[in-house]
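The values are calculated or read from the model by the stated rules, or taken from the named source; none is laboratory data. Just so we're clear, the structure is a prediction, and the values are computed from it rather than from any experiment. Virtual Cβ from ideal backbone geometry, glycine too; neighbours counted across all protein chains shown. In case anyone asks, the SASA skips ligands and DNA or RNA and just uses the protein heavy atoms, side chains included. Shrake-Rupley method; radii C 1.70, N 1.55, O 1.52, S 1.80 Å.
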Amino acid sequence: MAAMHPFLELIRQRTSVESFDTRPVDEETIRALVEDAACAPSSFNIQHWRFVAVREEADRNRLCRAAFGQEQVRIAPVTFIVLGDLQGLDKLPRINREAVEIGALPQGKASAWERMAAEIYADPQLARDEVLRSASLASMTLMLAAEARGLASGALSGFDAGRVCADFDIEERYLPVMLIAVGYPADVERKQQPRLGVDEILNFDRGRRF
Ligand SMILES: Cc1cc2nc3c(=O)[nH]c(=O)nc-3n(C[C@H](O)[C@H](O)[C@H](O)COP(=O)(O)O)c2cc1C
């Protein structure tokens, strides 16, 4: 049988972790992870994701309290607050200008995207959905990148969003999507959570009765 591609091995090796080594994650690595995460696709390439990297002990304790005392947030040397910018559309003309300049996007398509995006994002529910989708894809990319860089991670949605915004000066336009605790893995066995079988989660052609 052909050897498995290293990326596929990495996908299978990743688990959420709650314990981390005390070794800090340096700023260069944090920046690299965010650069990796930003390779994710996003609606109209708006790149709604924003990241707050929380490192200081007092802030980690504060964030841990906002995450209902989930200890991994206190223990991890860095936890990312992944935000979605509900007004991310503001940057689209600049993003498109650069894309057109380098020949990655035809001018006609750029203009059409801006028109369509303006329509979609006028609906607050749709805007919120799109922000959640795009920031979630960036979150997953960040977690896989962490794994590839020898780090471990754990995503959390168990947190009080209002408290996170108040404690970390996050403006209303930014929707807290997820926390991702990141650090070097502690020397403990990582057991994979079971997954539903493919037959239970895949249907062909129609979506009824999984
Ligand atoms: C959106 C989302 C929210 C999650 N929230 C929490 C959380 O608040 N606390 C926690 O310990 N784990 C949380 N997890 C981790 C899941 O429990 C974990 O991904 C799942 O059990 C599968 O295990 P694995 O990631 O090790 O494969 C969350 C995961 C996702 C994707």
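Calculated accessible area for region 15-201 comes out at 55 Å² per residue, all protein chains present (probe 1.4 Å; ligands, DNA, RNA ignored).
For the Cα trace of the chain, dividing Rg by the Kirkwood Rh returns an Rg/Rh value of 1.01. Candidate membrane-span-like segments in the chain, meaning DSSP H helices with Cα atoms spread over at least 18 Å of their own axis and a Kyte-Doolittle mean of -1.0 or above, are 107-120, 124-148, with no membrane implied. Ranking THR22, VAL73, ALA138 by Cα position along the charge dipole of the chain, where only Lys, Arg, Asp and Glu carry charges on their C-beta atoms, puts ALA138 farthest toward the positive end. When only alpha carbons are used to place a centre, region 1-63 and region 132-209 end up 9 Å from one another. Modelled label positions at ARG23 and ARG195, each set 7 Å beyond Cα in the direction of Cβ, lie 2.7 nm from each other. In plain terms, the chain from ARG163 to PHE204 could stretch by 10.4 nm, reckoned as 0.36 nm per residue minus the Cα-Cα distance.
Ligands, DNA and RNA aside, THR141 has an accessible area near 40 Å² when probed at 1.4 Å. If R0 is 22 Å, the Cβ-Cβ spacing of CYS39 and ARG128 corresponds to a FRET efficiency of close to 0.40. Only helices enter this figure: runs of n ≥ 4 DSSP H residues, each worth -39500 (n - 2.57), summed and divided by the residues of the chain, yield -13000 deg cm²/dmol at 222 nm to the nearest 500.
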